[in-house]
Structure formats: C-alpha cells, structure tokens
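Take a look at the structure below.
Read-outs throughout are calculated quantities, based only on the coordinates presented, and are distinct from any laboratory measurement. Small disclaimer: the values here were computed from a predicted structure and weren't measured. Every residue, glycine among them, receives a Cβ derived from its backbone with ideal geometry; neighbour counts consider all protein chains shown.
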Amino acid sequence: MIRRFGFLVFALALAVGSCGRQITSDIAPNGTNANGILAGTMQVTFKTVGPLDFTNVGYWIVFNTTGNGVSPYPQYLQANPLNFSYALVLGNVNENVLQGGAFTTQQPQLLQYYANAGTTQSFSARRIGGILSTQLRAVIAANGQANQFTLTFDRAILNQIPPAGCGSGAVASSTPAASPSGSPSASPSPAPTAVATICGQTAPNWGINFFTTDLNGNPLDSLGPNGRTDNTKVITLDTTQAFDKVTEFTRDLGGATLPGNQSAQIAGGEVINAP
C-alpha cells in the first residue's frame, strides 16, 4: 500500500511539472516548426556569445520589407540606412538619425525608417508607439539561456503608415523604368544595393540582419562573416510560407574583427514564420 501511494505521488509530481512547463512556456522550442506560433506571426531568436548586456550594448533585428532581395548592412546604420525598413531593438540604442534620441530598454521597441520629403536617398527613423503586448512580446533569457532573447510579433506591425510627405511620393525601384511610350527604357533604375526603403512599402519577401552597437550607436557586429563591416550576408524571408530557419542564422566568423565584449558578439539565431 505504501509503495502504491508513493507511486501515485511520483506520478502526480510528474504531471504537475509537465503542466507547469506548458503553462510558462511562451515561445516555441528551438528547431520547432511554424505551427508553434499563431498564423500571421513571426518569432525571432537572437543569440550572443556572452550574457546579454542591455546597459552597454544595443541589439538590433533589422528588416528590409521592400522586396528588393537585399539585406540591411551595418555600415549604413548611422550614415544613410539604405535597405532599412524597420528595426526591432532592445538594450542601449543610440541612433543618430532617430527622432527622439537614445534610450535604454529591455522591452522591444519598433523603429520605422522612411525617406525624407523630397528625396529617395536621405532617411530618418522614428519610434512607433502604441504597439500592444499581444502584438510584440519578448522573452529574455529564452529557454533559460542568459545569452539569448526571443521576440514574437504580429507581422502587421511591420506595415506602418509613413509620415506625411515621405519622399514626396517618389519610389526607387530595382526594375527598369518605363519610357514615355510605355516600352521599357534601356537604362535601368538604381541597382538593388542602392534601392532604399521609402514610404512604407511592405512586400512578401523580406531581407533581415542582426546587429549589435556600442553606446555611441556604432556597429560592433553582424551576422555576416566580416562582422561590423560586412556587406555580403543575404538572408531573405518569404512571409507567405511556413518556415523554421536556423542554418541561415548560423554565424560565419570569417575574418571578422570581433568586439571585445562577448555580450556584443553575435552567435546566431533562428526565425520561425506562420503565414
């Protein structure tokens, strides 16, 4: 009888422990498929070599939603952010084109990049307010690891109305411009690497990259093999498809000069999408 009672207690403990894990888990485990999140959402995990340092490091997940097939690159972060549409950021963020200046946070913030009025090659960024916790949420130290965080968000938040007068309506494109007669012009418009994010265009295919920055907003690292100066890494996401991408976010160290602070060294990540 005692052994039977002991077995029942043990089984009950297992059941309670299992239920506890199911209740407290807010993200899909690493490597799961897109069915682990709701339709219309995306989940991004960002991993560093050292423990996260939100006081001294900025953590950036940057998207190019124009559909031109180009990823955002770190050297454009401060000067002229070509191929930047949106960024999800945490930590110490100091972006010199950001309206409102620097901030430090462990709560994810959404930045929108847009073309200044009258141009398609000069850009600013603004912080988007009013994002609900049901639309964007973070799990810090995801899966119990102090060196990673996971953001789960409604993809619709990356389709914001741009400011009035954005780019005066001009649209840069990587496709040939039309001649007055309607036939294709012999001269193509700017190459995809020069096409900028303007005026809120959101296409199904997104470019993505991860950055870290220092207290002055200077890039420290990225996913590419050349780290803070890399302009070769290309990752595209077809948001109309269900996927779980890990290999694409495995860090290729190459010849990069790594930041001395391991909390700023990017180890890799994962992106899960549910159409």
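Couple of notes before you dig in:
- Rg/Rh (Cα only; Kirkwood hydrodynamic radius) as it applies to the stretch 40-116: 0.95
- Each of the peptides 46-57, 248-259, 126-137, 209-220 was scored by the mean count of other Cβ atoms within 10 Å over its residues; in descending order, highest first, they stand as 209-220, 46-57, 248-259, 126-137.
- Ranked by the mean number of other Cβ atoms within 10 Å of their residues, highest first, the peptides 143-150, 235-242 come out as 143-150, 235-242.
- Modelled FRET efficiency - R0 25 Å, residue 117 with residue 80, Cβ distances, 0.05 increments: 0.95
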